[in-house]
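Where a number appears in this text, it was derived from the coordinates with a stated rule and is not lab data. Quantities reported herein were computed from a predicted structural model and do not represent experimental measurements. Cβ coordinates were reconstructed from backbone atoms using ideal geometry, including for glycine residues, and neighbour counts include every protein chain displayed.
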Amino acid sequence: MDKNPFKSMRDMLVAKPVPKVDVKHKVMAAIRAKENKEEKVVKKKIGLLVTVGMLIGASSVWAGVEMIQLKNEKGEVVFELSQHKLQEQQQMFQQLSQQLSPEDQAKMEERRKKREYIGTVRTEIMNGLKPGTSAAIYWKPTKEQGEDQKNIIYTKKKHPDIMVVSKPIVYKSWKDMEPIVGKVFTLPSEIHGGFRFLEGEVNYEENYEYDVDVEELKAKAVKDNKEYAFTEIPLSNKFSYTNVAYQSEKGKVWVEVRIAEEGGSGTSADVIEKVMIGNNEAALMTHTFEGENSYWLIWIKNGTDLEYSVQADEKVASKDEVIKIAKQINEIK
Amino acid sequence: MEKTEIERLLTEIKAGSLEQYEIIIDHYQQPIFTYCYHMLGHRQDAEDAVQEVLFRAYEHLEQYTYSLSFSAWLYRIAYNHCANVLKRRKLSRVLPFLYNRDQDGRNYVEESIDSNYFGEPLERIWKRLSAEERTLMFLRVLEEREYEEIAELMDKKPAALRKQFERVLKKCKRYLPTTGGVRNDGQKSV
């Protein structure tokens, strides 16, 4: 070792390789999250009536809910996104469940299983349909539901025991899809990052206008000794939403365009933040699962009633890339 | 990047143009990481540190008054952060029960320091230097900065730093191998 400590120290320090680092996205995400947090409404009373249906008298709790409001170019609120983290929801649910008697807890479990069963049957029926067709499914009400329905006056439009499902038509190119939805919006054949149109489905509103013969379906369910019966019905012609998958060698990015509904949505995202897509305010949600981030960006296009969204896993498209894709889509007339 | 260019960016960022901060991050993240990496001797700690430094710098941007260079201001934040990390590590040695230990009772936080990234004899010397002394060594020896510049970011007088540096060099010399030979990483020392 050289006796000149300056040179020895320099040689040792220079010989030490320093890894490359890129923390830009993390720092910018932290800054944006902090800035948005300051804008958000911190406290909001939320009702859990729907979630915990059976908890009469214990239907609402106070919880810290973060919310983003998106405004249009006139400054009007067009979309609200409220964040209910999964863990917080589970905690609230657990707290409320503990207040239930063992009998009510058993009833809740029974309802959960029933919902799962209905979901499975619904999916099976939907998968069995031809693309572009619909089915009306009759579900035999439980005794409890039957009692409740005695006091309900309902219109033909939505019978409480009828559920409508549809199977969308899938298009393999924008050229094929354009004649169907082109009057409402336009999507590119290729999006930023080299993702090409892979397939897109067009979904219509469920057709609750159609006059289903409920008595006939009831009789069919009895005859087949099942809790349900279904029949094909015409597909509605009212556009609801389109979901398009774009693919590159990295994976898939999903783009959705739907008729915006009033109000907004809830999310269990870990981080929500507001970003700009051109002149449009947009809500960016980051979900983290097992250390992997995925992004979901939503905005209402100014001057329209269309809600756009872009979804991608971070390993497929970074946050900046998702924003670039959104800007590209938003710029199309 | 020119000083005027940095000042223009900072003015825009202060006026609300957050995107411009990405350019600042691109420009400074590697040098600040290199500094933190040498200060802390641990890749993950250094990565956490550079994130923290750049985040805090943005948060306190209004307090940056251009009286010293932006680079020096960032190094100051980085120095304070690293000094705190090193202080916590020292505490973890003194109060090991407050920190993570494995089943054998060893403090793995402390053991992961330096040894992973600094081979002998640098590790031996580095462990004996304070945060201030490490900063001085890094800036003077590795980055070859002038005392005036170091004085600016360490908020000390150049003459005092010169004396301090001489003392640190002597300290290093004590722990340097005195004869030629082969370092433990297999490279022949010169």
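Observations on the structure shown:
- Put in order of Cβ neighbour count within 10 Å, fewest first, the listed residues A:Met276, B:Met137 become A:Met276, B:Met137.
- Debye log10 I(q)/I(0) at q = 0.18, 0.21, 0.22 Å⁻¹ for the stretch A:217-333, Cα point scatterers: -0.91, -1.17, -1.27
- Taking 0.36 nm per residue of sequence separation and removing the Cα-Cα distance, the A:Asp270/A:Asn4 pair yields an extension gain of 90.3 nm.
- Gain upon complete extension [A:Ser318, A:Phe289; 0.36 nm per residue less C-alpha separation]: 8.9 nm
- Under-5 Å amide H pairs with A:Val78, H placed in peptide plane, nonlocal only: A:Leu70, A:Lys71, A:Asn72
- Angstrom value of the Kirkwood radius, inverse mean 1/r, which spans all Cα pairs in the stretch A:254-322: 12.6 Å
- Ranked list, fewest to most other Cβ atoms within 10 Å of each Cβ, for A:Ile332, A:Ile162, A:Ile118, A:Ile298: A:Ile332, A:Ile118, A:Ile162, A:Ile298
- Principal axis dimensions, the stretch A:153-288 - Cα atoms, whole angstrom, descending: 56, 34, 29
- Label-to-label distance, nm, for residues given as B:Asp155 and B:Lys170 (7 Å Cα→Cβ offset): 2.8 nm
- Normalised contact order of the stretch B:120-177, rounded percent, pairs of Cα under 8 Å and 6 or more residues apart: 41 percent
- Note on A:26-34: average number of Cβ atoms from other chains within 10 Å of each residue's Cβ is 5.
- Of the residues A:Tyr308, A:Tyr241, the one with the fewest other Cβ atoms within 10 Å heads the list, and the complete ranking is A:Tyr241, A:Tyr308.
- Averaged over B:160-171, number of beta-carbon atoms from partner chains that fall within 10 Å: 1
- For the pair A:Lys252 and A:Lys143, the difference between a 0.36 nm per residue extended length and the Cα-Cα distance amounts to 34.7 nm.
- When peptides A:199-211, A:12-24 are sorted by average Cβ neighbour count within 10 Å, with the highest value leading, the order is A:199-211, A:12-24.
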